[in-house]
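The values are calculated or read from the model by the stated rules, or taken from the named source; none is laboratory data. Keep in mind it's a predicted model, so treat the numbers as computed, not measured. Glycine gets a Cβ as well: all are built from the backbone with ideal geometry, and neighbour counts include every protein chain shown. The accessibility values were calculated without ligands, DNA or RNA, using every heavy atom of the protein model including side chains. Shrake-Rupley method; radii C 1.70, N 1.55, O 1.52, S 1.80 Å.
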Amino acid sequence: MLSRRIGHFVESVIRDMTRLSLKYDAINLAQGFPDFPAPQELKQAGATAIMEDYNQYSITWGAKDLRDEISRKALKYNNIEADPDSEITVTCGSTEAMMDAMLALINEGDEVVIFEPFYENYGPDSAVSGAVPRFVPLKDDYSINEDALVSAFNKKTRALILNTPNNPCGKVFTKEEFKLIAELCIEHDVIAVTDEIYEHILYDNNKHISIASLPEMKDRTLTISGFSKTYSVTGWRIGYAIAQKDITSAIRKVHDFLTVGAPAPLQHACVTALRFPDSYYKDLAGMYDRKRKILYNSLINAGFKCKMPGGAYYILADFPEETGMDDMAFAKYLVSEIGVACVPGSSFYISKEGKHKLRFTFSKKDETLIEAARRLEKLKI
Ligand code: GLN
């Protein structure tokens, strides 16, 4: 007999679409990872760290030099004061940090508020930790429906998961929305668990705000980020969680027994990443802005309806009912017949809303996106 917890969810559809993409030799706009190289200096730092013999376990909660650097970055970029010795944990990607967070905070039956559309992992994170998810749909323009949010909070609410900039819809939450969320968290004694992995991928002069920097929020926020997206090293699996010391010590226990530690040489190399000049981040956002426009134009041209995302590197697009297919069937058709892989919208929705949506990533070389555009043109829905 298998665990009931595991029966509640399926394997990642995102990664399943990658497998289908390989099978059909399609262009993979499904899984959000770059098909271009990581920065040369960072790759060199990784190779050097191995040659310098950073090859044994680091301290379970993260190499000291990396935690120091994360602390400096958190203050400068996120306006969060975090003690590297007691408030920062380095994890195997932000995916592990999110699961650690849930296991550290949740008792069976506690409720967790999750905005819809949501990142695929939050469902399984809830199932494994025993949380009851309370999904709060964002409005059509992806702004918060205040009444729906207020009524989602009750005595059982333990945490709220926030992902900004958002995967899959590209929403960047506004100052007013942060204020509302913070007020509700304070009023109901709720922890904000915030996934900020796309914090440097912002467009149209959007600015990143970490909810932990708002008054009275530092001690009730668990801030999660990582190196995968900002430095194009999704396979390195280095992420981190920042939280006040009691929450951090709970996270460290889960992390220790799950993984012992994140890869030691790569942690050491990530110190180099955090010392990149400001121009690196400007160039990164500029590069993704260009890619965002290429994908947006090709989706519009092929007959999809979509909005320009305000951040992150995905576009969530509507396809017309006339296709007669649901999202799963249409995604399978696209990968097998058109040669472009994407993710069916229902991976990001509990409601039916996802059934007529698909998510495409633009974290790919311009030439990959241009070839995808050429293939999508055949579609003309
Ligand atoms: N975050 C990426 C996405 O949404 C990758 C997911 C994964 O496979 N870890 O596509």
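General remarks:
- Amide H contacts under 5 Å for residue 314, placed H, 5+ residues apart: 362
- A run of the chain free of exposed loop cleavage sites, with GluC sites (Glu not before Pro) counted only in DSSP states other than H, G, I, E and B and at most 16 other beta carbons within 10 Å, reaches its longest extent at 217-381.
- Cβ-derived FRET efficiency at R0 41 Å, residue 289 paired with residue 187, nearest 0.05: 0.60
- Taking max minus min of the alpha-carbon positions on each principal axis, segment 180-301 gives extents of 48, 41, 29 Å, largest first.
- Positive contributions from Lys and Arg (+1) and negative ones from Asp and Glu (-1), summed over other residues with Cβ under 12 Å from the Cβ of residue 49, come out at -2.
- Selection from 131, 148, 118 lying farthest towards where the dipole of segment 116-163 points positive, charges on Cβ: 131
- In a reduced charge model with +1 at each Lys and Arg Cβ and -1 at each Asp and Glu Cβ, segment 1-140 shows a dipole moment near 340 debye about its Cα centre.
- Judged by the gyration tensor of its Cα atoms, with axes a ≥ b ≥ c, segment 9-163 is oblate; a/c meets the 1.5 cut and b/c is at least as large as a/b.
- Whole-Hz couplings from phi, Karplus 6.51/-1.76/1.60, listed for segment 45-52; x for Gly and Pro: 4, x, 5, 4, 4, 5, 5, 7
- Solvent-free Debye calculation, one equal scatterer per alpha-carbon of the chain: log10 I(q)/I(0) at 0.06, 0.14 Å⁻¹ equals -0.22, -1.27.
- Within segment 215-240: backbone nitrogen closer than 16 Å to the residue 59 label point (7 Å, Cα to C-beta): 240
- Our estimate of slack between residue 371 and residue 86, defined as 0.36 nm per intervening residue step minus the Cα-Cα distance, is 97.8 nm.
- Segment 179-274 - percent relative contact order, Cα under 8 Å, separation 6 or more: 22 percent
- Dividing the Cα radius of gyration of segment 118-198 by 2.2 N^0.38 Å, with N the residue count, gives 1.05.
- Hull-based mean projected area of segment 72-112, where the convex hull spans the alpha carbons, in square nanometres: 3.9 nm²
- Remark: segment 127-135, residue by residue, has Karplus-estimated 3J(HN,Hα) of 4, 5, 7, x, 6, 9, x, 10, 7 Hz, where x stands for each Gly or Pro and the curve is 6.51 cos²θ - 1.76 cosθ + 1.60 at θ = phi - 60°.
- Net charge of Cβ neighbours under 13 Å - reference residue 309; Lys, Arg +1; Asp, Glu -1: +3
- Calculated FRET efficiency for the pair residue 108/residue 323, C-beta based, R₀ 51 Å, to 0.05: 0.75
- Calculated SAXS-style log₁₀ I(q)/I(0) at q = 0.13 Å⁻¹ - segment 245-341, Debye, Cα scatterers: -0.80
- Proximity of backbone amide H atoms, modeled 1.01 Å from N, is registered between residue 222 and 192, 193, 194 at under 5 Å, excluding neighbours fewer than 5 places apart on the same chain.
- Close amide H contacts of residue 135 (hydrogens built in the peptide plane, cut-off under 5 Å, sequence separation of 5 or more or a different chain): 114.
- Here the accessible area is traced with a 1.4 Å probe on the protein chains. For segment 207-304, carbon and sulfur cover 55 percent of it.
- Estimated dipole of segment 33-94 in Debye, rounded to 20 [Cβ of Lys and Arg +1, of Asp and Glu -1, Cα centre]: 140 debye
- Dividing the mean sequence gap of close Cα pairs (under 8 Å, 6+ apart) by how many residues the chain holds gives a relative contact order of 25 percent.
- Dipole magnitude for segment 262-381: computed about the Cα centre from +1 point charges on Lys and Arg Cβ and -1 point charges on Asp and Glu Cβ, it is near 160 debye.
- Pairs from 64/253; 307/357; 73/171; 171/380 whose Cα-Cα separation, in the structure shown, is over 21 Å: 73/171; 171/380
- In this calculation the C-beta distance from residue 79 to residue 297 is compared with R0 = 30 Å, giving a FRET efficiency of 0.25.
- Between the exposed loop cleavage positions of the chain, defined as trypsin sites (Lys or Arg not before Pro) in a non-H, G, I, E, B DSSP state with at most 14 neighbouring beta-carbon atoms within 10 angstrom, the longest gap is 1-138.
- Distance between the pseudo-spin-label points of residue 276 and residue 155 (7 Å out from Cα toward the beta carbon): 4.9 nm.
- For segment 304-366, Kirkwood radius (reciprocal of mean inverse C-alpha pair distance, Å): 12.1 Å
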